[in-house]
1. Filter the range A:21-33 down to the residues that are part of a helix (DSSP H, G or I) and either surrounded by fewer than 20 Cβ atoms within 10 Å (Cβ to Cβ) or at the interface with chain B (Cβ under 7 Å from one of its Cβ atoms) (or both) and list them by number.
2. Tally the residues that are within 14 Å of chain B (Cβ to nearest Cβ) and surrounded by fewer than 14 Cβ atoms within 10 Å (Cβ to Cβ), restricting the search to the range A:76-134.
3. Examine the range A:156-177 for a residue that is touching a residue at least 40 places away in the same chain (Cβ under 8 Å), closer than 27 Å to residue A:39 by Cβ and in a loop (DSSP other than H, G, I, E, B), and state whether such a residue exists.
4. Tell me the residue from A:18, A:11, A:39, A:62 that is more than 26 Å from residue A:190 (Cβ to Cβ), crowded, with 18+ Cβ neighbours inside 10 Å and either away from every other protein chain (no Cβ under 11 Å) or at pLDDT below 95 (or both), please.
5. Can you name every residue in the range A:88-143 that is within 20 Å of the chain's Cα centre (by Cα) and outside any helix (DSSP H, G or I)?
6. How about the range B:57-72: which of its residues are in contact (Cβ under 8 Å) with a residue 12 or more places away in the chain, over 23 Å from the mean Cα position of the chain (by Cα) and facing another protein chain (nearest Cβ under 9 Å)?
């Protein structure tokens, strides 16, 4: 087919009905996924006893707030990454404040924890719950987000998928932290971060497969 | 650059409101820019015009990802670069594989070698199945558009194009005396 003919036939096609915007679709996918995740959390894990008192300690509160901040920032980034040539903006720099804060908290905990106690705090007693839970709780949200993003046009599907993984892992980790009773950054600073990285990597792999267009 | 951006923005905005003329104008005006990007990557490859068309199809399919406040040129160039890189990756992996819905839009113009001009067309049309024959009559003889025929038969436009293309290929082989009447796909 000649290019002029192609143009003529494309222009002659009736206008597709205006669907919901990408942002609205993503919000829908996120909400649906988060609903499943919350249900899963409520049924399988549930909040820790004495949650209200525990979060009055800012170091404990940080393990919920930091992943939440990460989720919000990466959600903004993933939406920008899903349209061609939209610059990622300030959020792509601000987001590094989250790992910086985690590192700061880790160093602070290392210094203030007696030498004999450090290893025990670091290993904790729930790595085998923490990592699978963060991954499992992320999956519904990641699925919902990726479904919505398929309507987008990411010019870097791997990056877009990784950001979707980061956003869903941030949200899932914030939810998981309400169950987890390991309150030292020596534990959560390492193992939460590892869980989030696993889901981010998973998002990158899935993005490479699902977000091509 | 800014002039062009404003102009394209205006055209695309009108196109998104349903002005087919503005849309045709937009696609026509951006094609040379797309071609520059494709040729920059491919040199003067024989297949480069196919990639240009792939980019146009991508622009068409993803035009909802452009917001009226965004500049058009960077959006367009990003799509062109993505699709060009994608096409090269596919070619490197071996074989030029195009998804069927893209293929349907890209089928070659059948006008040059037209088996429907054969004297005994009626006999040839008896040699293929009824639906294909019907499509060939409508598109090839009565000059209806693929879209119209698609509506009448309850098929998608792309499916009609594919069916038409295959039917012509079979007719051509029938006309050439090759009586083996099998599927043309390889």
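The values are calculated or read from the model by the stated rules, or taken from the named source; none is laboratory data. Just so we're clear, the structure is a prediction, and the values are computed from it rather than from any experiment. We place every Cβ from the backbone using ideal geometry, glycine too, and count neighbours over all the protein chains shown.
1. Scanning the range A:21-33 gives A:22, A:23, A:24, A:27, A:28, A:31, A:32.
2. 2
3. Within the range A:156-177 (the criterion being touching a residue at least 40 places away in the same chain (Cβ under 8 Å), closer than 27 Å to residue A:39 by Cβ and in a loop (DSSP other than H, G, I, E, B)), the answer is yes, since at least one residue qualifies.
4. Answer to the check: A:11.
5. A:88, A:89, A:90, A:95, A:96
6. Correct list: B:71 only.
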